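J.: Starting off with a structure, shown below.
The values are calculated or read from the model by the stated rules, or taken from the named source; none is laboratory data. Since the structure is predicted, the reported quantities are computational estimates derived from the model, not experimental observations. No Cβ is skipped: glycine too gets one built from the backbone with ideal geometry, and neighbour counts run over all protein chains shown. Accessible surface areas use protein heavy atoms only, side chains included; no ligands, DNA or RNA. Shrake-Rupley method; radii C 1.70, N 1.55, O 1.52, S 1.80 Å.
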Amino acid sequence: MRDGQLTYVTGGEFAPLTLSAITARAANIRNIASRDRVYPSTLELDAVVFERGRLRLTGSADFLAAPHPGVLAQVALENIRLDYFRPVLTPYHLTVRRGVLSAWGNLEYSPAVKAAHLEAATLTGPDIEYAYVRGAAAKERQVARQAVRKAEESTNRPGLQLRVDRFRIADGPTPPTGSSSPAPTWCSPISATTSPRARPP
């Protein structure tokens, strides 16, 4: 595929997810079943996300896996706008004005294993504001407890692995005059699991 375009409309308040300038190449697509976690086909994909961001994926795939195809690939995200996620954050009184996310690592998604391992992620130029609303604290605590419970369920679910080795905030808002807050720096790790290491494609 060359110069392709994909628009995914989720409905509600979300803006359409747009991929443009898509270049994709797949080879050795076989019409026989493979064993679990065997990916016979090579796969390369490059696309523009939200007009200025970029997605790069290089790896292998099993397009005939059931009940859905499987892929094992190195993934790089560059300059993904945060404002796309504004409808998710607004109910928690978070206002996202700007900021972009870049990350790289590897991904394995198949009927047998679902794993994401980011070696590094950088949040650049974030402008996010939290507005306290009287009476909302109890509801937010309940939501937080539910989120923790869901995270624990995901962590304990067989085949699902999540890991972020390093997370950095760069070019964030300037601290108020006289503030003793240290400059943002790398945090490592955020979570831990076993996963093969990756390099940017």
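J.: Check whether at least one residue in region 15-23 is open to solvent by 70 Å² or more (accessible area, probe 1.4 Å), farther than 16 Å from Glu78 by Cβ and touching a strand residue (DSSP E or B) at 6+ places or on another chain (Cβ under 7 Å), and report yes or no.
T.: Scanning region 15-23 turns up no residue that is open to solvent by 70 Å² or more (accessible area, probe 1.4 Å), farther than 16 Å from Glu78 by Cβ and touching a strand residue (DSSP E or B) at 6+ places or on another chain (Cβ under 7 Å).
One line per residue, one yes/no per condition, for (1) free of Cβ contacts under 8 Å to residues at least 12 places away in the same chain; (2) at positive phi; (3) of a type in the set (Gly, Ala, Ser); (4) open to solvent by 60 Å² or more (accessible area, probe 1.4 Å):
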{"site": "Ala27", "(1), (2), (3), (4)": "no, no, yes, no"}
{"site": "Arg35", "(1), (2), (3), (4)": "yes, no, no, yes"}
{"site": "Tyr39", "(1), (2), (3), (4)": "no, no, no, no"}
{"site": "Leu45", "(1), (2), (3), (4)": "no, no, no, no"}
{"site": "Val49", "(1), (2), (3), (4)": "no, no, no, no"}
{"site": "Phe63", "(1), (2), (3), (4)": "no, no, no, yes"}
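J.: Go over the candidates Thr95, Thr7 one by one and state the one that is β-branched (Val, Ile, Thr), under 29 Å from Asp165 (Cα atoms) and not in a loop (DSSP other than H, G, I, E, B). Give the steps one after another, and end with the answer.
T.: Working: Thr7 fails: under 29 Å from Asp165 (Cα atoms).
After applying the criteria, what remains is Thr95.
J.: With (1) assigned to a strand (DSSP E or B); (2) within 28 Å of Thr124 (Cα to Cα) as the list, and Ala26 as the residue in question, which single condition is left unmet?
T.: Evaluating Ala26 over (1) assigned to a strand (DSSP E or B); (2) within 28 Å of Thr124 (Cα to Cα) leaves (2) as the failure.
J.: Now for a different question. Checking Val75 against (1) open to solvent by 50 Å² or more (accessible area, probe 1.4 Å); (2) in contact with a Phe, Trp or Tyr (Cβ under 9 Å, 6 or more places away or on another chain); (3) under 25 Å from Ala115 (Cβ atoms): exactly one of these is not met. Which one?
T.: (1)
J.: Consider Pro111 carefully, then state whether it is open to solvent by 60 Å² or more (accessible area, probe 1.4 Å) and either farther than 24 Å from Asp171 by Cα or at pLDDT 95 or above (or both).
T.: Against the criterion (open to solvent by 60 Å² or more (accessible area, probe 1.4 Å) and either farther than 24 Å from Asp171 by Cα or at pLDDT 95 or above (or both)), Pro111 does not qualify.
J.: Within region 63-87, which residues are modelled with pLDDT of 95 or more and among the small types (Gly, Ala, Ser)?
T.: Ala73, Ala76 - these are the residues of region 63-87 that are modelled with pLDDT of 95 or more and among the small types (Gly, Ala, Ser).
J.: Any residue at all in region 88-108 that is at pLDDT below 90, surrounded by 16 or more Cβ atoms within 10 Å (Cβ to Cβ) and over 26 Å from Met1 (Cα atoms)?
T.: Within region 88-108, one or more residues are at pLDDT below 90, surrounded by 16 or more Cβ atoms within 10 Å (Cβ to Cβ) and over 26 Å from Met1 (Cα atoms).
J.: Could I ask something else about it? Only one of these conditions is not met by Gln5: (1) out of contact with any Gly (no Cβ under 8 Å at 6 or more places or on another chain); (2) closer than 21 Å to Leu107 by Cβ. Which number is it?
T.: (2)
J.: Out of the residues in region 78-87 meeting the condition of being outside any strand (DSSP E or B) and among the hydrophobic types (A, V, I, L, M, F, W, C), tell me which one is least open to solvent (accessible area, probe 1.4 Å).
T.: Leu82
J.: Scan region 34-64 for residues that are within 30 Å of Arg98 (Cα to Cα), part of a loop (DSSP other than H, G, I, E, B) and out of contact with any helix residue (DSSP H, G or I) (no Cβ under 8 Å at 6 or more places or on another chain) and report the count.
T.: Looking only at that region, the number is 2.
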